[in-house]
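Trainee: My questions all concern the structure below.
The values are calculated or read from the model by the stated rules, or taken from the named source; none is laboratory data. Owing to the predicted nature of the structure, the values given are computational and were not obtained by experimental measurement. So basically every Cβ, Gly included, is an ideal-geometry build from the backbone, and we count neighbours across all protein chains shown. Keep in mind that these areas ignore ligands, DNA and RNA; they rest on the heavy atoms of the full protein, side chains included. Shrake-Rupley method; radii C 1.70, N 1.55, O 1.52, S 1.80 Å.
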Amino acid sequence: MKHTQVLALSAVIAALSAGASAENHKFEVRAEGGRVFFDEALEDANTWGLGFGYVLNKNWTLEAVASKWDSETQVGGVDVDGTQYRLDALYNIDTQSLWRPYVAFGIGDQEREFNAATPSSERDTLLNLGAGVKRSLGGNWEFRTDVRAFNSLDNEYTDLALNAGISYLFGGSPAPVKAAPAPAPAPVVEKDSDGDGVYDSKDQCPDTVRGLKVDEVGCPVVLEKTLVINLDILFDTAKSDIKDAYLPQVKKLADAMTQYANTVVHIEGHTDSQGSDAYNQKLSQSRADAVKAALVTKFGIAADRITAQGHGESKPIADNATAEGRAQNRRVVGSVSVKYKEEVKK
C-alpha cells in the first residue's frame, strides 16, 4: 500500500521523548515544508505553508495555517494546484521534555485547481488529525515535525502529509530570575556561663553553684528527704538530773530545731512503778521539764516550741518487776520529724 512507509514514520515520531522544559511565550509564527501523499490519482507533491499560533496554556495551542502544493494527475499529466486554509488545535502531551510530543486536530477548506484545456476547480472541507514532536533550538526558536491525515467530507478521500518546520516564539512574560541564595548565617557559638554542662540558651537556672548535679534545663537536681531525731534519756531512781552522757542527744535535737525553724517537739517524762502514783506523776513532769530547760538554756531553743508532759508510771515499756525493766521505764522521750529538700552533688 502506498502509505505504509508514511505510517511507519508516524509511529517513530510519536515514540520520541526525553527531558527539558518548553519556552515561556504567548505566540508562534511558523514556516514549514513537507510532502503530501495523495489517496486519489495524483502524484505525491511537495507542500509549504505558514502558520500563526496562540498559546492558551502550557498544554493547548490554537493555530491558523495556510499552505500550498503543486501536483499533476497520474493519467494525462494535468497540472493541479492546491491551497489549504485551516484552524487547528494542538495538545502538548509532555511540556517538560527535550523532545515534546503532541497531537493535533482541526478543520479547514481546500481548493484544488485543475489546469486542463478546460480549467476547473473544486472545494473540499477537510478534517485533519495528526501527531508530532517539538524540540527547542535555543532562544526563541523551535523545530517541529508531524504527520497528518486529511479527510475530505465532500469527496471521500484521505491524504497523508509529513511536515517539518521552524517556529519563532514570542510574547508572554519573561522567565522569572532566580534570586541569589542568601548567605549562610554565621554559626552560633553556644556558651555555658555557669559551667553546669547546659548551654545558656536552654539554661533556666543560669547561676547554678558549681559542683551541683543539674537536670536537662540546668536546674539543680533536688531530692526530698525526711529527717527524724529521736530523744531517749534514762534517769536514776528518784532523780531528774540529765546525765552528761545524754547531752549529745539533746544537742542533736537542738541543732535540728535550729536548722528547721518550723519544727516543734513534745517531750514525755516517765517513771517506774516504785512509789506512789502522785509522786511518780510529779517526778515524770520534773524529768520532762529538765530536758526542756536544757534545750532552752543550753542550746537557745525558744520555749514556745517545746511542750513537756509527765505521764508517771502509766506507760511502761518494760517489766517493772525487774531492775532492768524499771531502768528502761525511768525515761524521757521525744522526736522531731521534718521533710526537707537537698541539692545533689556531682
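Trainee: Given K191/K341; K213/K251; K252/K298; K202/K339; K282/K339, which pairs have Cα atoms separated by over 23 Å? If you can, show how the numbers build up before the last one.
Mentor: Details: K191/K341 29 Å; K213/K251 32 Å; K252/K298 12 Å; K202/K339 31 Å; K282/K339 35 Å.
Checking Cα-Cα distances, K191/K341; K213/K251; K202/K339; K282/K339 exceed 23 Å.
Trainee: Taking loop as defined by DSSP and a crowding limit of 16 other beta carbons within 10 Å, which trypsin sites (Lys or Arg not before Pro) in region 100-190 fit?
Mentor: Values: sites: R112, R123, K134, R135, R144, R148, K178; in loops: K178.
Answer in residue order: K178.
Trainee: With a 1.4 Å probe and all protein chains kept in place, how do S314, S97 rank by accessible area, largest first? Please list the in-between numbers first.
Mentor: Values: S314 80, S97 10 Å².
Accessible-area ranking of S314, S97, largest first: S314, S97.
Trainee: Okay, moving on. Report the trypsin sites (Lys or Arg not before Pro) located in region 226-287 that are in a DSSP loop and have at most 12 other Cβ atoms inside 10 Å of their Cβ, or state none. Working shown, then result.
Mentor: Details: sites: K239, K243, K251, K252, K282, R287; in loops: K239, K243.
Hits after loop and neighbour filter: K243.
Trainee: Keeping every protein chain in place, order D232, D196 by accessible area at 1.4 Å, biggest value first, i.e. largest first.
Mentor: On the way: D232 80, D196 15 Å².
Reading off the accessible areas and sorting them downward yields D232, D196.
Trainee: Using only the alpha-carbon atoms of the chain, report the extent along each of the three principal axes, biggest first, to the nearest angstrom.
Mentor: Sorted largest first, the three principal extents are 168, 44, 30 Å.
Trainee: Can you pull the percent of the chain's accessible area that's carbon plus sulfur, 1.4 Å probe, other chains left in place?
Mentor: Details: 11110 of 19580 Å².
Using a 1.4 Å probe with all protein chains present, the chain comes out at 57 percent carbon and sulfur.
Trainee: Explain nothing, just the number: relative contact order of the chain, from Cα pairs under 8 Å at least 6 residues apart, as a whole percent. Please list the in-between numbers first.
Mentor: On the way: 787 pairs, mean separation 45.4, N = 346.
It rounds to 13 percent for the chain.
Trainee: With label points built 7 Å along Cα→Cβ from the Cα atoms of D277 and T237, find their separation and express it in nm.
Mentor: Placing both labels 7 Å beyond Cα along the Cβ direction yields 2.3 nm.
Trainee: Can you give me the distance in nm between label points at A89 and N59, each placed 7 Å from the Cα along the Cα-to-Cβ direction?
Mentor: Spacing of the two 7 Å Cα→Cβ label points: 1.2 nm.
Trainee: With a 1.4 Å probe and every protein chain left in place, tell me how much accessible area E72 has, in Å² to the nearest 10.
Mentor: 80 Å²
Trainee: Still on this structure, I have one more. Whole number please: convex hull volume per residue of the Cα set in region 227-346, in Å³? Working shown, then result.
Mentor: Working: hull volume 14.4 nm³, N = 120.
It is 120 Å³ per residue.
Trainee: Something else: Any idea what the dipole of the chain comes to, in debye rounded to 20, about its Cα centre with Lys/Arg Cβ at +1 and Asp/Glu Cβ at -1?
Mentor: Details: 37 positive and 49 negative charges, 643 e Å.
About 3080 debye.
Trainee: Averaging over all projection directions, find the projected area of the Cα convex hull of region 85-209 and quote it in nm² with one decimal place. Write down the numbers at each step before the final one.
Mentor: On the way: hull surface 63.0 nm².
Mean shadow area of the hull around the Cα atoms is 15.7 nm².
Trainee: For region 173-247, which chymotrypsin sites (Phe, Trp or Tyr not before Pro) pass both filters: DSSP loop (anything but H, G, I, E, B) and at most 16 other C-beta atoms within 10 Å?
Mentor: Numbers: sites: Y199, F235, Y246; in loops: Y199, F235.
Sparse-neighbourhood loop chymotrypsin sites (Phe, Trp or Tyr not before Pro): Y199.
Trainee: Out of the DSSP beta bridges found with both residues in the chain, what percent are antiparallel (nearest 5)?
Mentor: Numbers: 114 of 119 bridges.
Percent antiparallel among DSSP bridges in the chain is about 95.
Trainee: State the answer as a single residue: which of Q281, C219, I229 lies farthest towards the positive end of the charge dipole of region 217-289, with beta carbon charges of +1 for Lys and Arg and -1 for Asp and Glu, about the Cα centre.
Mentor: Ranked along the dipole, the leading option is C219.
Trainee: Roughly how much of R35 is accessible, in Å² to the nearest 10, using a 1.4 Å probe?
Mentor: Here the residue's solvent-accessible area equals roughly 90 Å².
Trainee: Please calculate how many Å² of accessible area region 190-346 carries per residue, with a 1.4 Å probe and no DNA, RNA or ligand atoms counted. Please list the in-between numbers first.
Mentor: Working: 9210 Å² over 157 residues.
Result: 59 Å² of accessible area for each residue.
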